[in-house]
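Report on the structure given below.
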Amino acid sequence: MKINSLQYDCLNYHIYYEKPAYQELLDVVDEVIPYCFRPENYHERLFENSVDLSSQKLSFEQLRLRSITSLQLLSWSISIDIAQRYEFYLSVSDASLNEEFYNCTEPWFGSRCQYSFGFHEQISFNQIVEATFRRRVSYFESFDTIIQVPCYVLLKCHRNGQPWCLDWREVCNGIVDCFDEGSDEENCFDMEINVCEENEYRCHNGLCISGELWEDGIGDADCLDRSDEILDLMYKDFCFQDPTFHCEEHSCRPDGGAFACGDGQCVRTLSMCENSRHLLLIESMKSKGNLKDECWITMVCLTELDTEVDGNSCEIWLMNISIVAIHEECDSFFQFPTVPIHAPHIRFFYENFHLNRSVDEFFFPDYICYDQQLCHHMIPDLIRENLTCLDVSELKLRMTYIMESWIEIIEATEQHFRPCLIYHVSYENKTKDSTIYSSLYQCQNSLKVISSSRIRDRQIDCFQLDDETYEHSCQLNDKYRVRCGETNTCWSPILKNGVCLLHGEYGVVSFDRFCNGVKEYSYNDHDGIKYDDEEGCEIWLCNNMY
């Protein structure tokens, strides 16, 4: 089966299963996944002239004279394409459609009998695929086994001059991953201004699906970004062993883990991917740059980026290091990591004169430096050469929790700089678009323009928080927004599950919300016992044609 000119000789993995949805209804999964040769150019095509010597060459006409059917061809491991063409040849009796092909001897198969799996057991391709994925072990079980993940090669992508293995899920995710080129976020504003038809559901990333596929958050996700799916489903943690669509064909939710593991799993920044893709990020952030060896090793260990650096165990290294040693080996004002920590312009800097601090405290940076043109709303605490920087102590004061690890500092930084612009260019034009497109919202006192679907989604996009305090959310043209009771707040549908519980805004619950398979509301009876809207539904099953 040929999909395109550079994709050929595909084997189809077919999966079908039924799973209970709610009451007696079923969710049916029926997928066909092609596994093909995909060379980057014609010169890399393999096995074009290879032929198994034991194969037999036959023609359609010879088969017809022997009364061979197309079903028999399939039993000979002939490809579906050839069997279909032979069936058509039989039906039209056109001699010009006669062609020759190779009849393979097990275990060989392919258009020229050029392929074999290397064993003679009677085993289906489905079983081969499933066994291959089941053999994969998680990073936690085997630290020295790294599962190969594919790179998106249609965009040039580098970080500080080094190639970055871009995952397709990192394209148009609102974060610049290609630090040098910025190519992964180019032209993505077209998705922001996209407006869906009346009978469609707008996914949070701007793509549209049929309104018939919207299932109130239950069932498998149909939106590429999973924004129509209930958050925190556990299946994503096993995507490294799962080749099906709900892993391979989905990206990360905007309110879930931001780092794409490359197989459908999404994790927090620097958290562990089961397939070990997080090591790519760690290795990128461990870059030595211009730091002295001792300073570099110490900072990698203090931040817990890794447990071993350049053959040195961090546990042993930190037992023998002191603040005085750090003071001697690190410059008075230095950057670590030597690469940006989030987007191409956000960097951590340290002042090396705090001798009164303990080693355990040293991993907190003193300053977060950024591009002031992209974050024009921020007033810098330090301007040094070409750097504009915030004092980290100011960031700490704004946090509602105590940051106890370097990863928490990074996550807090990511959230703090989220309202910044992504690019220097084009936003002047985009502000004009906000007056043309009613689907857009311009942040107050800012050049930043966002889709109105991002209003009240609990993700801060505007530095004055006006996207999350907007008072007219129920007047937005979005029938899928969630209104809790009789309030005047209509939340983004991405918060469908639990937003009313979170804010205690119940009001009157309509009859159709009971026993619909989604726990949305809870209440206490006269005895103070807590129930939800799905309580006892198993004994009140529907008894009708629906």
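No lab work stands behind these numbers, since they all come straight from the coordinates. Small disclaimer: the values here were computed from a predicted structure and weren't measured. No Cβ is skipped: glycine too gets one built from the backbone with ideal geometry, and neighbour counts run over all protein chains shown.
Structure notes:
- Positive-end extreme of charge dipole, region 140-299 - chosen from Ile209, His250, Asn194 (charges on Cβ): His250
- Percent RCO, i.e. relative contact order, over region 270-325, from Cα pairs under 8 Å lying at least 6 residues apart: 22 percent
- Each residue of region 263-270 was assigned a 3J(HN,Hα) from its phi angle through the Karplus expression (A = 6.51, B = -1.76, C = 1.60, θ = phi - 60°), giving 9, x, 6, 10, 10, 5, 3, 6 Hz with x at Gly and Pro.
- Between amide H atoms placed 1.01 Å from N, distances below 5 Å from Asn103 occur with Gln56, Lys57, Leu58, all of them 5 or more places distant or on a separate chain.
- Computed on region 99-226, the Cα convex hull volume stands at 270 Å³ per residue.
- Converting phi to 3J(HN,Hα) with the Karplus coefficients 6.51, -1.76 and 1.60 and the offset θ = phi - 60°, region 310-315 yields 6, x, 9, 6, 5, 4 Hz in sequence order, with x at every glycine or proline.
- Cα pair distances exceeding 25 angstrom across region 171-303, given as percent: 39 percent
- Mean Cβ neighbour count within 10 Å, used as a protection proxy, ranking 442-454, 317-329, 281-293 highest first: 442-454, 281-293, 317-329
- Annotation: amide H of Val309 within the under-5 Å range of Cys314, sequence separation 5 or more or interchain, hydrogens built in the peptide plane.
- Region 442-457 - phi-based ³J(HN,Hα) in whole Hz, Karplus 6.51/-1.76/1.60, Gly and Pro as x: 9, 4, 5, 6, 8, 7, 6, 10, 10, 5, 5, 5, 7, 6, 6, 10
- Binned Cα-Cα distance frequencies in region 442-508 - 5 Å width, integer %: 4, 18, 28, 25, 15, 7, 3, 0, 0
- Convex hull of region 290-416 built on C-alpha atoms - directionally averaged projected area, nm²: 8.0 nm²
- Amide hydrogen proximity for Glu200: with H placed 1.01 Å from N in the peptide plane, the residues at 5 or more positions away or on another chain lying under 5 Å are Gly211.
- Relative contact order (%) - criterion: Cα under 8 Å, at least six apart; region: region 137-285: 19 percent
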